[in-house]
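Some notes on the structure that comes next.
The values are calculated or read from the model by the stated rules, or taken from the named source; none is laboratory data. The model shown is predicted, which means the values in this text are computed figures rather than measured ones. Cβ coordinates were reconstructed from backbone atoms using ideal geometry, including for glycine residues, and neighbour counts include every protein chain displayed. Note: areas computed on protein heavy atoms with side chains; ligands, DNA, RNA excluded. Shrake-Rupley method; radii C 1.70, N 1.55, O 1.52, S 1.80 Å.
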Amino acid sequence: MNDTERTVLACLWRQDGLSRARITALTKLSKATISRVVNQLMEKRLLTEQSVESRKTRGRPSTPLTLDRNSRSVGGVNIRSNCFDVSLGDLSGRIKDFFSIGHGRTDVEEGLAALPERLVERGVELDRLVSFSIVTPGIVERATGSVTNAFYTSGGRVFLGEKLALDCPVTVENDANSLIYSEILFGRIRETDILYIDKGFGSSLVIDGKVFRGPHGSAGELGHLQLDPHGPLCWCGKRGCLSAYFARESLMDRFSFHLNESHLKQPERALLGVLSQEYAVSSDRKFAEVFEQLLDLLGAAIANVVDFLGVETVVLNNQNPVYNSRTFDYLREYIFTTAIKRKNLRFESVTVSTERLMLVPLAVALSALLEKQEV
């Protein structure tokens, strides 16, 4: 697809049932261009004409155009630590099918290679797929479809885009970026400059309405923003990264005065969740002060990004075990007290439900159809 086709398709995705004349007015393209592009999209079975009732007045009635939901579909796979979550839907993003396939931590590539066969077994007509996505943890270079720093890459680079043999375009995207795509397409986020913080401390940047990845896909990594060069050692090799302060070893050291036998058995995320919930209800002032020192580090990292980039919205994923109503209020107060460019700042959390996660791969696949391609 070319960018003009994407412009027309995006126009109809936002508002179905438009006439050619209305699309011409909205896109500022010429009538001849719209006529040609609409015909091209109809030939590709992406658009169809709605039937209209005949009218008694003179003149040709305007024919509404709509997405061809019956002829074409989109899909995607979300790579999780122990399974593939596969979503299939129509061009408007409505879920038509969803299923999971288990995998081991070392056979992700083999599992992806076998996915087309599994789709056929599921009754999917592969020739109807017009766009497919692979959502994955790690650093993604979209131009090459390569992934590094994921649980299955073993310290190397894996070219996921080459593993999935489909006739339609396949887009590989980082999981944090993918979720913010979903919130922009299907959710309530409408701002153009956003810092989104994922369920860990990975993050995404949206600048001027576009996800900003940088040349190699690693832009926006809040978790590896260095807060103290003499701080705790992070798995990335640096010291004092934000993520390092929330790692299990750092939590054990910082809260050694407070931990009991049950705490010592908790894995990292569970321990962080327990401590966060205790902060929400505890009257122990010493414990609260130590936990707030952690929140100050997170707040400082966010405030620095707000000031440096001038983002207008900060969005927290409520799946992060740090967040509850008390921590949210504390962070909001810290950032609005600290950040210089806070006048028009919005600070909010997003509820990531199971239903919302099912839409994430579809959002990436649809974005590849609707957005102009990056250079």
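Condition test on Ser87, is it open to solvent by less than 30 Å² (accessible area, probe 1.4 Å), closer than 30 Å to Glu121 by Cβ and polar (S, T, N, Q)? Walk me through it before giving the result.
Numbers: open to solvent by less than 30 Å² (accessible area, probe 1.4 Å): yes; closer than 30 Å to Glu121 by Cβ: yes; polar (S, T, N, Q): yes.
In short, yes.
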Requested in this report: Of the conditions (1) within 14 Å of the chain's Cα centre (by Cα); (2) at pLDDT below 85; (3) over 14 Å from Val135 (Cβ atoms), Gly217 clears all except one; give me its number.
Outcome: (3)
Report task. Out of Val305, Val314, report the one residue that is open to solvent by less than 60 Å² (accessible area, probe 1.4 Å), modelled with pLDDT of 90 or more, touching a Lys or Arg at 6+ places or on another chain (Cβ under 8 Å) and not polar (S, T, N, Q). Result -> Val314
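This table checks each residue for (1) of a type outside the set (Val, Ile, Thr); (2) touching a residue at least 60 places away in the same chain (Cβ under 8 Å); (3) under 27 Å from Leu18 (Cβ atoms).
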residue: Gln50; (1), (2), (3): yes, no, yes
residue: Ser71; (1), (2), (3): yes, no, yes
residue: Val77; (1), (2), (3): no, yes, no
residue: Asn82; (1), (2), (3): yes, no, no
residue: Ile95; (1), (2), (3): no, yes, yes
residue: Glu117; (1), (2), (3): yes, no, no
Report summary line: If you go through Ser178, Ser182, Ser218, the only one that is surrounded by fewer than 24 Cβ atoms within 10 Å (Cβ to Cβ), more than 14 Å from Val306 (Cα to Cα) and of a type in the set (S, T, N, Q) is Ser218
Requested in this report: Inspect the stretch 134-156 for any residue being out of contact with any Lys or Arg (no Cβ under 6 Å at 6 or more places or on another chain), among the small types (Gly, Ala, Ser) and at pLDDT 95 or above and give the result as yes or no.
Outcome: no
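From the set of residues in the stretch 244-301 that are outside any helix (DSSP H, G or I) and of a type in the set (Ser, Thr, Tyr), which is least open to solvent (accessible area, probe 1.4 Å)? Step through it out loud before you land on a result.
Taking the stretch 244-301 and keeping what is outside any helix (DSSP H, G or I), we get 246-247, 255-260, 265-267, 282-284.
Going one step further and asking which of them are of a type in the set (Ser, Thr, Tyr), we end up with 256, 282-283.
On the way: Ser256: 79, Ser282: 38, Ser283: 116 Å².
If we take residues in the stretch 244-301 being outside any helix (DSSP H, G or I) and of a type in the set (Ser, Thr, Tyr), then Ser282 is least open to solvent (accessible area, probe 1.4 Å).
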Report summary line: Only one of Arg342, Arg332, Arg326 is over 16 Å from Gly202 (Cα atoms), touching a helix residue (DSSP H, G or I) at 6+ places or on another chain (Cβ under 6 Å), open to solvent by 60 Å² or more (accessible area, probe 1.4 Å) and not in a loop (DSSP other than H, G, I, E, B), namely Arg326
Requested in this report: Return the total of residues in the stretch 146-167 being farther than 21 Å from Ser100 by Cα and buried (at least 20 other Cβ atoms within 10 Å of the Cβ).
Outcome: 3
**Report entry** His230 in contact with an Asp or Glu (Cβ under 7 Å, 6 or more places away or on another chain) and either open to solvent by 60 Å² or more (accessible area, probe 1.4 Å) or basic (Lys, Arg) (or both)
**Finding:** no
Requested in this report: Output the number of the condition that Leu298 fails; it satisfies all remaining conditions of (1) farther than 27 Å from Tyr181 by Cα; (2) among the hydrophobic types (A, V, I, L, M, F, W, C); (3) under 23 Å from the mean Cα position of the chain (by Cα).
Outcome: (1)
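May I ask you to verify whether Leu225 is of a type outside the set (Gly, Ala, Ser) and under 17 Å from the mean Cα position of the chain (by Cα)?
Considered against the rule, which asks whether it is of a type outside the set (Gly, Ala, Ser) and under 17 Å from the mean Cα position of the chain (by Cα), Leu225 comes out as no.
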Report summary line: Subset of the stretch 113-141, residues crowded, with 19+ Cβ neighbours inside 10 Å, in contact with a strand residue (DSSP E or B) (Cβ under 7 Å, 6 or more places away or on another chain) and either of a type in the set (D, E, K, R) or more than 17 Å from Ser178 (Cα to Cα) (or both), comes to Leu115, Leu129, Val130
Query - strands (runs of 3 or more DSSP E) contained in the stretch 58-147 and holding at least 3 residues of a type in the set (A, V, I, L, M, F, W, C) - result: 73-79, 83-89, 95-102, 129-136
Query - Matching residues in the stretch 20-41 - criterion: being within 32 Å of the chain's Cα centre (by Cα) and open to solvent by less than 60 Å² (accessible area, probe 1.4 Å) - result: Ile23, Thr24, Ala25, Thr27, Leu29, Ile34, Val37, Val38, Gln40, Leu41
Query raised in the report: How do the pairs read when you match residues in the stretch 219-244 that are closer than 17 Å to Gln293 by Cα and among the charged types (D, E, K, R) with residues anywhere that are surrounded by 15 or more Cβ atoms within 10 Å (Cβ to Cβ) and modelled with pLDDT of 90 or more, using Cβ under 6 Å and keeping only pairs 6 or more apart or on different chains?
Result: Asp228/Gly240
